[in-house]
Amino acid sequence: MALLEVKDLCAYYGPIQALHGIDFEIEAGGITTILGANGAGKTTTLRSICGLIRRTGTLTFDGRPIDRKQTEEIVRLGVGHVPEGRGTFVTLSVEENLRLGAYTRRDRGSVGEDFERVYGYFPVLAERREQQAGTLSGGEQQMLAIARALMLRPRLLVLDEPSFGLAPMIVESIFNIMREINESENVSMLLVEQNASLALELADHAYLLETGQVVTSGPAETLRKDEVIRRSYLGY
Amino acid sequence: MELFVQQVLAGLAVGGIYASLALALVMIYQATELVNFAQGEMAMFSTYIAWQLVQSGIPFWAAFFLTIIISFAGGILIERLIIRPARNAPVLAIVIIFIGLLVILNSLAGWIWTYTNQIFPSPFPDRPYLGVNIQELGAIGVTLVVLLLVFAFFRYTTLGLAMRAAAQNPTSSRLVGIRVGWMLALGWGLAAAIGAVAGIMVAPKLQLDPNIMGSVLLYAFAGALVGGISSPGGAVLGGFAVGVIENLVGTYVPVVGSQLKLAVALVLIIGVLTVRPAGIFGRSVVHRV
């Protein structure tokens, strides 16, 4: 059974409809990516899953309907969202940012272990744990955003453009860590990326959005070989 | 010299009250970027509740803590019933709500308790100790304890951390599961409780009437601005500074005396807004356009 099932998802910014009936599924343990040009509705899709904007449709997470739930409730079900622009709490320290990631958890004892676990993935954060998060570099803030979401012990990690504005070497190391996390923790991921070739390399399933609608979908392998996608999104 | 020390201490005593109220203003400001003009009247109303409790025979400290709890609940209620429905309203509408709240609380207090001055009891004896009035020392002590408690709450508890997070980045806060709306309500409750302490501490000195907090709020506002309305620590220091400056200027500048003291606060407000609007410790937010 799919971990997240989305049927006929429509989303609205005020009176303007941004998504026009999207269907997709995320397999448990898999990495799914949503591709598309600017304004196609990628970020909107992620935001509507987490209830940050007004949406209609049927959303089922782990067998439970979430389309009427508030963001705060959806987080409690185990959806960790790494938002566009990283969403760092800039005036708080690195450690406080991570503490907030575990805000909803009741098992205080194992939260301590999780600090060590995420510092293991991102050792640079351990070095900077007392530092104000706003003083971190862009790459470090992206790592912090992922680490913060991991503190929730999520079942699904929603990632909005983790490569945005970062140097290629840093992007590569972050993507390697994401793969490692996916493999060792069995966390499913929903990834939105501008960098389509990178996303298709990491993901096992992909959806292509155009103006708020799914136009193509399939295994990442197949989409990578697709003539149209290759020309419009991979650029070769 | 002795006069100087006395005036500084008296300034700190009243400054602590400004500092508390300034902190209450900053707490609301940080979450909403608006100055709650009704903060003073909320404190006045709380003080009347304390007075009423003491009048009905409840011991002072019991009344003190009871009033804090009632004020905390009242602050939450005001946020839930009056402020929250207007959360998407334009700034001016919310300012009007604050002013409306001010007028309503003021009139309600006058209606219930009349506009006659009431003697408010102080838990501390009104006599000097080593040349310093014990009432003033007590007021300084109580405000310091309150400020330390508030500091510890925000610094060391998860709830305090969540409140800071909610004020700083509401969207990210929701994404980690913080109920941002409730954090705002909690902020109102805390601000009301802190204001209640300020009111109870200032009332024995000024005598209680519905307009007691008008000028106090002005000084607190000056304190918050001097220290920086975006910085809780700065606002507290600013409050103390305004208390001391007010007293020293009133004592040593004959023209000012006790009649023109309030003008000192106004001069400070205008001065800060002209020279450094963000205050001494505040950060000015630069937006990219």
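The values are calculated or read from the model by the stated rules, or taken from the named source; none is laboratory data. All values derive from a computational prediction rather than experimental measurement. Neighbour counts are summed over all protein chains in view; Cβ atoms, including those assigned to glycine, are modelled from backbone coordinates with ideal geometry.
If we scan segment B:210-226, do we find a residue that is surrounded by 18 or more Cβ atoms within 10 Å (Cβ to Cβ) and free of Cβ contacts under 8 Å to residues at least 24 places away in the same chain?
The answer is no, given that none of the residues of segment B:210-226 is surrounded by 18 or more Cβ atoms within 10 Å (Cβ to Cβ) and free of Cβ contacts under 8 Å to residues at least 24 places away in the same chain.
Does segment A:75-97 hold any residues that are more than 13 Å from the chain's Cα centre (by Cα), in a helix (DSSP H, G or I) and within 9 Å of chain B (Cβ to nearest Cβ), and which are they?
Applying the first criterion (more than 13 Å from the chain's Cα centre (by Cα)) to segment A:75-97 yields A:76-77, A:88-97.
From what is left, the residues that are in a helix (DSSP H, G or I) are A:76, A:94-97.
A:ARG76, A:GLU96, A:ASN97, listed by residue number.
Please go through segment B:126-140 and give me each residue that is in contact with a helix residue (DSSP H, G or I) (Cβ under 9 Å, 6 or more places away or on another chain), surrounded by 15 or more Cβ atoms within 10 Å (Cβ to Cβ) and more than 17 Å from B:ALA50 (Cα to Cα), ordered by number. Even if it seems obvious, please write down each step before you answer.
Keep residues of segment B:126-140 that are in contact with a helix residue (DSSP H, G or I) (Cβ under 9 Å, 6 or more places away or on another chain), which gives B:126-129, B:131-133, B:135-140.
Imposing the further condition that a residue be surrounded by 15 or more Cβ atoms within 10 Å (Cβ to Cβ) reduces the set to B:132-133, B:135-140.
Listed by number, the residues that qualify are B:VAL132, B:ASN133, B:GLN135, B:GLU136, B:LEU137, B:GLY138, B:ILE140.
Under the condition of being farther than 27 Å from A:VAL192 by Cα and not polar (S, T, N, Q), which residue from segment A:98-112 is farthest from the chain's Cα centre (by Cα)?
A:GLY109
Those residues that are within 14 Å of chain B (Cβ to nearest Cβ) and part of a helix (DSSP H, G or I), I need them from segment A:121-161; list them, please.
A:ALA133, A:GLY134, A:THR135, A:GLN141, A:GLN142, A:LEU144, A:ALA145, A:ILE146, A:ALA147, A:ARG148, A:ALA149, A:LEU150
Can you find a residue that is more than 8 Å from every other protein chain (Cβ to nearest Cβ) and not in a helix (DSSP H, G or I) anywhere in segment B:157-179? Quick ask: steps written out before the conclusion?
Of segment B:157-179, the ones more than 8 Å from every other protein chain (Cβ to nearest Cβ) are B:157, B:159-160, B:163, B:166-167, B:170.
Adding the requirement that they be not in a helix (DSSP H, G or I) leaves B:157.
Scanning segment B:157-179 turns up at least one residue that is more than 8 Å from every other protein chain (Cβ to nearest Cβ) and not in a helix (DSSP H, G or I).
Those residues that are within 18 Å of A:GLY212 (Cβ to Cβ), more than 9 Å from chain B (Cβ to nearest Cβ) and in contact with a helix residue (DSSP H, G or I) (Cβ under 7 Å, 6 or more places away or on another chain), I need them from segment A:41-74; list them, please.
Result: A:ILE53, A:ARG55, A:LEU59.
I'm told A:VAL118 meets every condition in (1) under 22 Å from A:ASN176 (Cβ atoms); (2) facing another protein chain (nearest Cβ under 10 Å); (3) not small (Gly, Ala, Ser) except one. Can you identify the failing condition by its number?
(2)
Take segment A:142-161 and flag every residue that is over 12 Å from the mean Cα position of the chain (by Cα) and surrounded by fewer than 21 Cβ atoms within 10 Å (Cβ to Cβ).
A:ARG153
Checking A:TYR236 against (1) of a type in the set (Ser, Thr, Tyr); (2) at pLDDT 90 or above; (3) surrounded by fewer than 22 Cβ atoms within 10 Å (Cβ to Cβ), which test does it fail?
Checking A:TYR236 against (1) of a type in the set (Ser, Thr, Tyr); (2) at pLDDT 90 or above; (3) surrounded by fewer than 22 Cβ atoms within 10 Å (Cβ to Cβ), the one that fails is (2).
Against the conditions (1) among the aromatic types (Phe, Trp, Tyr); (2) under 25 Å from A:GLN194 (Cβ atoms); (3) assigned to a helix (DSSP H, G or I), where does A:PHE115 fall short? Just the number, please.
Status for A:PHE115: all satisfied but (2).
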